[in-house]
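What follows is calculated from the coordinates using simple rules that are stated; it is not laboratory data. Small disclaimer: the values here were computed from a predicted structure and weren't measured. Glycine also receives a Cβ, built like all others from the backbone with ideal geometry; neighbour counts cover every protein chain displayed.
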Amino acid sequence: MSIYLHFRAVPESEIRDDHTWLAAFMSEAWENDTEEYAAGIAHSINKGWDAVNDLYAAADALYADADKPWTLPIYGGRPVPHSTDAAPSDPPLMLLEPPGVSQAARFLTTVSFDELWNAGGVRFSALGWTRQEHLEHHRDLREFYRQAASAGHAVVKAVWA
């Protein structure tokens with residue numbers, strides 16, 4: 001079974017702060033993923049997003065930053081509560097507003113992947129995750145957040161099973 005964390009950059013003015021609406025928006029985005037990936041406004045990680053977050057958590061020990069920007073790329077944002085009429089199949093959603101997107105982009109462009117990997121890579125290798133897989137996720141997220149921040153967009157995140 002595949003399970004994905006799906007990211008979608010979108011102008012904040014186009015977002016309705018309503019779970020039902022956002023779930024439908026993200027479902028349509030998921031249906032158009034090939035075009036949206038090509039446009040740089042969507043990204044997803046299959047199963048391994050928690051490991052990517054754990055890699056970024058190594059920044060907590062490497063950098064003395066009280067804001068903990070390492071938390072933003074994967075789990076950053078506020079949960080969008082389900083409405084009373086939400087279908088049981090509606091995905092969990094998070095919304096990272098433009099200031100958080102910019103902060104995530106800054107973190108991803110300034111953090112040293114090699115330092116992160118040196119701090120925790122042995123553990124990931126033992127769990128079957130390769131350095132190359134993490135590096136690719138990092139590069140893709142760095143570019144996705146860079147583009148979203150440059151456009152002043154928010155990022156909506158959904159978990160699809």
D (µm²/s, integer) via Stokes-Einstein for the chain, Kirkwood Rh across alpha-carbon pairs, 4 °C, 1.567 mPa s: value 80
Can you tell me the length gained on complete extension of the stretch ALA151 to GLU31, counting 0.36 nm per residue apart and subtracting the Cα distance? 40.9 nm
Vicinal HN-Hα couplings computed from phi for the range 140-149 (Karplus, 6.51 cos²θ - 1.76 cosθ + 1.60; Hz; Gly/Pro x): 5, 5, 4, 5, 4, 5, 4, 5, 4, 5
Testing the spin-label approximation: label points 7 Å from Cα along Cα→Cβ at GLU143 and GLU97. State their distance in nm. 3.0
Just to confirm my numbers, what's the Cα centroid distance between the range 25-48 and the range 119-145 in Å? 20
Fraction of alpha-carbon pairs in the range 99-161 farther than 13 Å apart, rounded to whole percent, equals 66
Per the 1/(1 + (r/R0)^6) rule, R0 = 30 Å and r from the Cβ atoms of ASP114 and ASP67, FRET efficiency to 0.05 is 0.85
Would you mind working out the magnitude of the charge dipole of the chain relative to its Cα centre, with +1 at each Lys and Arg C-beta and -1 at each Asp and Glu C-beta, to the nearest 20 Debye? 420
